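What follows is calculated from the coordinates using simple rules that are stated; it is not laboratory data. Fair warning: this is a prediction, and the values are worked out from it, not measured in the lab. Here the Cβ is made from the backbone with ideal geometry for all residues, glycine too, and neighbour counts use every protein chain on show.
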Amino acid sequence: MAAKLRIAIVGAGNLGSALAVSLRRAGFTVSPIVSRARAEPSSKARALAKQVGTAATTDLKHVDADVVWFCVPDSEIARAGREWASWQWKGRVALHSSGALTSDELTSLRGQGAAVASMHPLMTFVQGSRPALAGVPFAIEGDRRASRVARQIVRALGGQAHPIPKQYKAAYHAWATFASPLFTALLATTERVAGTAQIDRAQARRRMIPILMQTLANYAQYGAAGGFSGPIVRGDVDTVRRHLRVLSRTPAARDVYTALAQAALEYLPVKDKHALKRALDAHGRTK
């Protein structure tokens with residue numbers, strides 16, 4: 001029954017494009033792809049519409065959908081909802097995909113008879129990538145009817161639906177940000193540290209892949225404590241001091257190292273914790 005829903009996608013960015021493709025593959029009718037605040041649909045919207053076999057439009061009169069899924073930046077969700085408020089919402093569902101914001105961003109549509117919910121996939125979407133959504137967790141909160149429809153969509157996509165109370169949305173999204181964007185920032189920092197050993201970024205990226213993949217495999221199988229290795233878990237204070245000295249050439253990377261090392265002392269089993277803490281604290285005093 002879920003696959004019979006007609007779903008309009010508002011926004012043809014990385015997220016909207018990936019969702020539209022996955023919805024179409026799951027048997028949904030994607031109708032249509034909507035560009036906002038333009039005289040005519042964007043080139044991205046037209047290309048995406050062609051890919052999923054539908055139309056691209058900016059005119060709400062041409063939208064015939066059971067569900068409208070807003071895939072716009074967080075700062076634009078409430079405004080997009082207000083722009084759509086004149087549409088016939090009774091009996092329809094409005095979704096947005098912010099991880100940090102609640103369904104209340106679409107209050108203007110709730111007031112017009114729509115059932116609203118937030119529905120956030122715990123996945124990263126970048127230009128040129130269309131990740132499959134099978135197995136992906138979706139955090140859902142909102143009105144009962146909209147949440148029920150959201151769960152039906154997730155099941156049809158092969159994903160996993162999880163309820164999230166409103167008051168935990170910001171913390172949930174902070175967790176998601178650690179899992180991908182800040183992890184990517186760590187990798188960028190790692191490339192910069194490789195430069196201090198005269199290894200360029202392209203080589204560093206290629207040469208890091210095996211250890212990164214094994215680290216993730218260890219984490220998946222053994223958890224953080226069982227997958228933790230290196231000088232900190234061994235309590236090798238002298239090596240940590242050497243690291244801190246050489247990282248003085250890259251202060252931002254040195255600060256990341258110190259912060260992560262302190263987190264390791266807090267959250268992971270390590271040997272000689274007090275000596276390691278003294279070394280990190282001494283480094284902080286000499287910056």
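General observations
- Here's the list of aspartates and glutamates a cross-link from residue 166 could span, going by alpha-carbon distance under 13 Å and ignoring same-chain residues fewer than 8 apart: 104, 105, 141, 143.
- Residue-averaged 222 nm ellipticity for the chain, from DSSP H runs of 4+ at -39500 (n - 2.57), nearest 500: -16000 deg cm²/dmol
- On Cα atoms only, tilt of 273-286 relative to the major axis of the chain in degrees: 90
- Under 24 Å from residue 277, Cα to Cα: lysines that are on another chain or at least 8 residues apart: 287
- Between helix 144-157 and the chain: long-axis angle, C-alpha atoms, 0 to 90°, nearest 10: 70
- Footprinting exposure proxy for 273, 4 (fewest neighbouring C-beta atoms within 10 Å first): 4, 273
- Each Lys or Arg adds one and each Asp or Glu subtracts one; over the other residues with Cβ under 15 Å from the Cβ of residue 184, this totals +2.
- Segment 76-194 shape via C-alpha gyration tensor axes, a/c threshold 1.5: prolate
- Placing +1 on each Lys and Arg Cβ and -1 on each Asp and Glu Cβ, with no other charges, gives segment 37-153 a dipole about its Cα centre of roughly 260 debye.
- With the charge dipole of the chain set up from +1 on Lys and Arg Cβ and -1 on Asp and Glu Cβ about the Cα centre, the Cα lying farthest toward the positive end among the listed residues 230, 89, 113 is that of 230.
- Anchor residue 61: aspartates and glutamates whose Cα lies under 19 Å away (excluding residues fewer than 8 positions away in-chain): 40, 83
- For residue 102, no residue has an amide H sitting under 5 Å from its own, ignoring neighbours fewer than 5 places away on the same chain, with H placed 1.01 Å from N.
- Here the Karplus relation 6.51 cos²θ - 1.76 cosθ + 1.60, evaluated at θ = phi - 60°, turns the backbone of segment 200-209 into coupling constants of 6, 5, 4, 5, 4, 4, 5, 6, 7, 3 Hz, with x for every Gly and Pro.
- With respect to the chain, whose longest principal axis is taken over its alpha-carbon atoms, helix 43-52 is tilted by about 80°.
- Centre-to-centre, using Cα atoms only, segment 190-227 and segment 114-163 are separated by 31 Å.
- In Hz, Karplus ³J(HN,Hα) per residue of segment 178-186 (6.51, -1.76, 1.60; θ = phi - 60°; x = Gly, Pro): 5, 5, 10, x, 6, 5, 5, 4, 5
- Fraction of the pair-distance distribution of the chain above 36 Å, Cα-Cα pairs, percent: 33
- Ranked list, fewest to most other Cβ atoms within 10 Å of each Cβ, for 281, 272: 281, 272
- Neighbourhood net charge (12 Å Cβ-Cβ; Lys/Arg +1, Asp/Glu -1) for residue 151: +3
- Cα gyration tensor, segment 169-230 - rounded (a/c under 1.5), prolate or oblate: oblate
- Prolate/oblate/rounded label for segment 180-286 (Cα gyration tensor, a/c 1.5): oblate
- Under 5 Å between amide hydrogens, built in the peptide plane, is the criterion, and for residue 161 it picks out 138 among residues at least 5 positions away or on other chains.
- Of the peptides 63-73, 245-255, 154-164, the ranking by mean beta-carbon count within 10 Å, highest at the top, reads 63-73, 154-164, 245-255.
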